[in-house]
1. What percentages, rounded to whole numbers, describe P(r) for the stretch 26-154 computed over all alpha carbon pairs with 5 Å bin width beginning at zero?
2. Cα convex hull of the chain: mean projected area in nm², to one decimal?
3. Per residue, how many Å² of accessible area does the chain show with a 1.4 Å probe?
4. How many percent of Cα pairs in the stretch 160-223 exceed 19 Å?
5. Grab the beta carbon distance between Gln81 and Lys198, set R0 = 30 Å, and tell me the FRET efficiency rounded to 0.05.
6. Hey, what's the per residue convex hull volume over the C-alpha atoms of the stretch 117-206, in cubic angstrom?
7. Could you work out the local net charge near Ser112, counting Lys and Arg as +1, Asp and Glu as -1, over the other residues with Cβ closer than 13 Å to its Cβ?
8. Add -39500 (n - 2.57) for each DSSP H run of 4 or more in the chain, then divide by its residues: what number comes out at 222 nm, to the nearest 500 deg cm²/dmol?
Amino acid sequence: LPKADLMILDLKVPADTSQANLLKLQKKNEHTLSLVIRNEISKTGSGVDFIILSLFIEQVCSVFPLLSRNILLFYDLIPLQYDERYGKFSIFPNYVARYRTLFQADIIWTISRTIADDISINLGINPKKIVCIDGAPINHSSKTPKKPDGINPMKFILMPTGDDIRKNNTRAIQGFENYRVNNSEEDLYLIITSTFSKHSRQTLMSYSTHIIFSGNVTGDELS
């Protein structure tokens, strides 16, 4: 973006995400951002779009300023839908508090039709505010396939995922192992991408010995 300016502001962040007074931080950040937006509108005489790309990063306090058109990229409702699992974490009240910002959005981009339906049905969001971007898929047609080092099985299932409870990795591996054993697929492996902690790798490998953790891979390697 050759015409973009980098602006550094004194925005407040939670020092401790589980204990932070999120509402207080939100109001301070709203005030700081609103002054900037008001100044920008007075200089240009035109409206301003303000985009939040990730509302739920725990170490950040993202809010909308006043006077802007508010756009938000929304990923999923999973922690809210499975509150019996996520509600036990100390940061859960602050997770829920961030939904205040979601309801202030004028336009909500969702990464799938399922997410669009979820927030419309479960949160009562007006469907006219929702724009599904279908994951905004990255075009890999320009990539030259390159075999990752140390990955040798000829027969495998590729599982792009992440080391996160919501990815449901345990059940995926249990399903893979159940299929492999019941179909006598001794040469079939499950290649799992992304970075996993040592503890997570050990836990997941207890469900199958036919797992390969590739770590993060490039676009060429993914192809």
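The values are calculated or read from the model by the stated rules, or taken from the named source; none is laboratory data. Since the model is a prediction, treat every value here as computed from it, not as a measurement. Heads up, the Cβs are rebuilt from the backbone with ideal geometry, glycines too, and the neighbour counts pull from every protein chain shown. Calculation scope for accessible area: heavy atoms of the full protein, side chains included, ligands and nucleic acids excluded. Shrake-Rupley method; radii C 1.70, N 1.55, O 1.52, S 1.80 Å.
1. Histogram of Cα-Cα distances, whole percents per bin: 2, 9, 15, 17, 15, 13, 10, 8, 6, 3, 1, 1, 0.
2. 16.5
3. Details: 14160 Å² over 223 residues.
For the chain, the solvent-accessible area averages 64 Å² per residue.
4. 30
5. About 0.50, to the nearest 0.05.
6. Value for the stretch 117-206: 176 Å³ per residue.
7. In short, -3.
8. That comes out to -9500 deg cm²/dmol.
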